[in-house]
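The values are calculated or read from the model by the stated rules, or taken from the named source; none is laboratory data. For clarity, every value in this text was computed on a predicted model and none was experimentally measured. Cβ placement follows ideal geometry from the backbone for every residue including glycine, while neighbour counts extend to all protein chains displayed. Only protein heavy atoms, including side chains, enter the accessible area calculation; ligands, DNA and RNA are left aside. Shrake-Rupley method; radii C 1.70, N 1.55, O 1.52, S 1.80 Å.
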Amino acid sequence: MSLVSEGPEPSRFANRESDRSDMAAVQEFLDEALITQVLNVVKSGKEATVYRCRAHKSLGVQYAIAKVYHSHAHRGFQRSATYEEGRVILNGQLRRAVAARTEFGRNVESSMWVDREFDLLSSLNYAGADVPTPFVCNERAILMEEVGDAAGPAIQLQHAELDVDEAQPLLDRLLWNIELMMKENVVHADLSPFNILYSGGRCTIIDLPQAVDPRQNSQAEKLLERDLTNVIRYFARYKVEEMDPRRMAHNLFELWRHGEL
């Protein structure tokens with residue numbers, strides 16, 4: 001089966017060298033009969049490009065999303081030491097290659113970040129968090145459910161126009177998700193209205209490769225406070241209950257530290 005594109009933006013991924021590399025990763029999903037067609041680009045960023053695909057009936061959904069991490073030659077995103085702290089590569093050869101920034105080491109690092117996001121999506125989805133359901137991954141890409149409803153794909157919360165009476169319940173649900181993630185030893189570490197999707201009165205949290213483990217990362221509480229600040233600041237425009245993100249982060253961290261979540 002070969003890749004066939006259609007939709008409003010096929011030229012965005014048909015004529016660029018970097019995107020031909022992306023298509024090699026997506027082709028694996030086509031070859032495995034997980035998707036039948038690539039429809040259009042949903043989002044293209046420094047770190048990854050997101051493609052909307054027609055799903056094979058075996059997935060039980062009509063559409064799926066392929067998130068393809070760019071090859072290191074095209075990726076501009078720099079891995080911050082803040083996010084890397086506490087992550088251990090047990091294989092000595094791989095660890096040395098990553099540290100030396102060789103081509104092999106950069107490819108290994110990219111694959112590790114894909115694996116990490118897939119594992120986090122899998123564990124958080126199992127725990128009941130509002131994250132997309134992941135299906136499979138390969139070295140470069142993750143195939144997951146498309147978030148949306150009958151009206152179409154979800155949009156970024158930043159661009160949503162909420163009804164005033166739904167703002168507080170949505171905020172409460174997001175705070176519940178942040179607490180659940182802490183219980184699962186996960187701090188998103190880059191949460192904002194740009195990586196929360198909104199559709200049909202529900203929010204879904206996406207983009208987890210930089211998430212940190214509070215058991216291993218000394219910056220976890222500060223990152224948790226930043227996540228809370230970003231979310232609470234967005235909802236403040238809807239006149240929701242006033243909240244102190246610093247105090248909330250400290251209290252939540254203390255509950256987690258003492259095993260009381």
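Does at least one position in segment 204-212 carry a residue that is open to solvent by 10 Å² or more (accessible area, probe 1.4 Å) and part of a strand (DSSP E or B)? Yes - at least one qualifying residue is present in segment 204-212.
Among what's in segment 22-33 and is out of contact with any strand residue (DSSP E or B) (no Cβ under 6 Å at 6 or more places or on another chain) and open to solvent by less than 40 Å² (accessible area, probe 1.4 Å), pick the residue that is farthest from residue 145 (Cα to Cα).
Only one residue fits best here, namely 23.
Among 254, 221, 225, 260, which is modelled with pLDDT under 95, open to solvent by 40 Å² or more (accessible area, probe 1.4 Å) and either in a helix (DSSP H, G or I) or in contact with a helix residue (DSSP H, G or I) (Cβ under 9 Å, 6 or more places away or on another chain) (or both)?
Result of the check over 254, 221, 225, 260: 260.
Applying the criterion of being surrounded by fewer than 19 Cβ atoms within 10 Å (Cβ to Cβ) and among the hydrophobic types (A, V, I, L, M, F, W, C) to the residues of segment 60-74, the residue that is modelled with the lowest pLDDT is 73. Would you confirm, using the coordinates I've provided, whether residue 190 is surrounded by 14 or more Cβ atoms within 10 Å (Cβ to Cβ) and acidic (Asp, Glu)? Answer is yes for this residue.
Against the conditions (1) over 16 Å from the mean Cα position of the chain (by Cα); (2) more than 15 Å from residue 129 (Cα to Cα); (3) crowded, with 21+ Cβ neighbours inside 10 Å, where does residue 200 fall short? Just the number, please. (3) is the only condition that residue 200 fails. Step by step: first the residues of segment 161-177, then only those that are open to solvent by 80 Å² or more (accessible area, probe 1.4 Å) and part of a helix (DSSP H, G or I), then the one that is nearest to residue 199 (Cα to Cα). Which residue is that? My answer is 173.
Checked against (1) in a helix (DSSP H, G or I); (2) modelled with pLDDT under 95; (3) under 18 Å from residue 124 (Cβ atoms), residue 237 passes all but a single condition, namely (3).
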